[in-house]
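Report on the following structure.
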Amino acid sequence: MLLGLKYPVIQAPMGRGFTPSSLVIAVSNLGALGSFGGAFTPAEDLRKSIREIRAKTQGPFNINLFTEHFKKGPFETAHFAREVKRSASSLSCELGNVPHVPSYEEQLQVVLEEKVPVFSFTFGMPQREWVRDLKKHKTFVIGSATHLEEVRALEDLGVDAIVCQGKEAGGHRGTFLGNPQDALVPTFTFLKEAKRITRLPLISAGGIMDRSDVQKALKEGAAAVQMGTAFLTCAESGTPQLHRKALLEWRDRKAVLTSAFSGKLARAIENQFIRDMAPFAKDVPPFPATVFLLDPMKKAAAETNNGEFLPLWAGEHFARCKKLSVKELIESLF
Ligand SMILES: Cc1cc2nc3c(=O)[nH]c(=O)nc-3n(C[C@H](O)[C@H](O)[C@H](O)COP(=O)(O)O)c2cc1C
């Protein structure tokens, strides 16, 4: 069994507060793999979280980073600002400021020093030397792919396992080679294709919600599954109330692909902001600047209970989300 887990289930890392240490600890202590989404976390805060998780976990745990060198601004925002103002006129808010975003090398240095059991990454590939050094420290290294060329590149880099992210997945597309719009392979098709070209353990992700999905992935040869959306409505996750409510109640809506909330293609429950911004995709500044530029709008939306202006990240099958504890969810999968 992958990493000696009792359950071949990875709770997906989900950056910006969705996967607090308490969730990671709860998942890992049950015998699945808890993952901390370390994206944008300053290096020393990341160290604190790693130490807290390590102190309270018996099993392995995973630290995840965005291994992409982000474009530095300033960016042209006038057209974007005008359209945001028009769409969110009821919230009367300005664009926010883009803070210093730590480079992944700063964060990775901490991951290396802390000798974490598992490290996973998305949006790019760290340099070969990092992977070599992590493995020297006995860290199990997992890369994320959205198409076969990425599977080959990750294998060549020397990772220990690969997450195969299918098109159904919630949150951002992990594509780092080519256009994300050209890398939308259904989860089980991608798993089967990847299985043909590599002997590395494959972790199937995207739309996996219940026991039958897990069984299917394992039958098709996955070493484990990685589930994000299903964990968003667990009691222990950090999902904001309004987001939970949408996952559980907005079941007549679809989870669609958009770059309006972040500058990078991602799947979220369709709402007014996504619809209004669709014609202006070319005006959206690059990731991750847009994430921060929209913080005041998101804050105003949350304060007024308005889900139409929040990024309600969700996979295609979010309508099968249940209000459960982590224990109930994981045990229901087997
Ligand atoms: C709210 C949210 C945030 C996410 N953040 C990250 C992240 O920080 N790092 C990462 O590797 N994947 C992230 N993902 C993608 C997941 O790793 C995974 O591919 C996806 O959740 C699988 O599809 P599912 O949501 O249908 O289970 C995120 C997904 C969601 C829903």
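Return the residues of the range 213-256 that are free of Cβ contacts under 8 Å to residues at least 12 places away in the same chain and either within 15 Å of the ligand (Cβ to nearest atom) or of a type outside the set (D, E, K, R) (or both); say none if nothing qualifies. Reasoning before the result, please.
Applying the first criterion (free of Cβ contacts under 8 Å to residues at least 12 places away in the same chain) to the range 213-256 yields 215, 219, 241, 249, 252.
Those that are free of Cβ contacts under 8 Å to residues at least 12 places away in the same chain and either within 15 Å of the ligand (Cβ to nearest atom) or of a type outside the set (D, E, K, R) (or both): GLN215, GLN241.
Checked against (1) small (Gly, Ala, Ser); (2) without any contact (Cβ under 8 Å) to a residue 60 or more places away in the chain; (3) within 11 Å of the ligand (Cβ to nearest atom), ALA205 passes all but a single condition, namely (2).
Scanning the range 2-29 for residues that are away from the ligand (no atom under 16 Å from the Cβ) and either among the small types (Gly, Ala, Ser) or without any contact (Cβ under 8 Å) to a residue 12 or more places away in the chain (or both) yields a total of 4. No other residue among THR122, THR146 is open to solvent by less than 10 Å² (accessible area, probe 1.4 Å), within 13 Å of the ligand (Cβ to nearest atom) and of a type in the set (Ser, Thr, Tyr) apart from THR146. If the condition is being of a type in the set (Ser, Thr, Tyr) and within 14 Å of the ligand (Cβ to nearest atom), then the range 168-198 contributes THR175, THR187. For the condition more than 20 Å from THR239 (Cα to Cα), without any contact (Cβ under 8 Å) to a residue 12 or more places away in the chain and surrounded by fewer than 16 Cβ atoms within 10 Å (Cβ to Cβ), PRO279 qualifies. I'd like the residue in the range 99-112 that is in contact (Cβ under 8 Å) with a residue 60 or more places away in the chain and farther than 20 Å from ILE25 by Cα and, out of all such residues, is surrounded by the most Cβ atoms within 10 Å (Cβ to Cβ). It comes out as GLN107. Against the test of being open to solvent by 30 Å² or more (accessible area, probe 1.4 Å), among the basic types (Lys, Arg) and farther than 23 Å from PRO286 by Cβ, the options LYS72, LYS56 yield a single qualifying residue, LYS56.
The residues of the range 118-161 that are hydrophobic (A, V, I, L, M, F, W, C) and in a helix (DSSP H, G or I), listed by number, are TRP130, VAL131, LEU134, LEU148, VAL151, ALA153, LEU154, LEU157. From the list PRO286, PRO311, the lone residue that is open to solvent by 30 Å² or more (accessible area, probe 1.4 Å), in a loop (DSSP other than H, G, I, E, B) and under 25 Å from LYS71 (Cβ atoms) is PRO286. Scanning the range 30-58 for residues that are away from the ligand (no atom under 16 Å from the Cβ), under 27 Å from LEU200 (Cβ atoms) and part of a helix (DSSP H, G or I) yields LEU30, ARG54. When the test is whether a residue is buried (at least 24 other Cβ atoms within 10 Å of the Cβ), in a helix (DSSP H, G or I) and touching a Phe, Trp or Tyr at 6+ places or on another chain (Cβ under 9 Å), ALA194 does not pass it.
The values are calculated or read from the model by the stated rules, or taken from the named source; none is laboratory data. All of these numbers come straight from a predicted model, not from anything done at the bench. Using ideal geometry, Cβ is built from the backbone for each residue, glycine included, and neighbour counts are taken over all protein chains shown. Note: accessible area is taken over every heavy atom of the protein model, side chains too, but ligands, DNA and RNA are not part of it. Shrake-Rupley method; radii C 1.70, N 1.55, O 1.52, S 1.80 Å.
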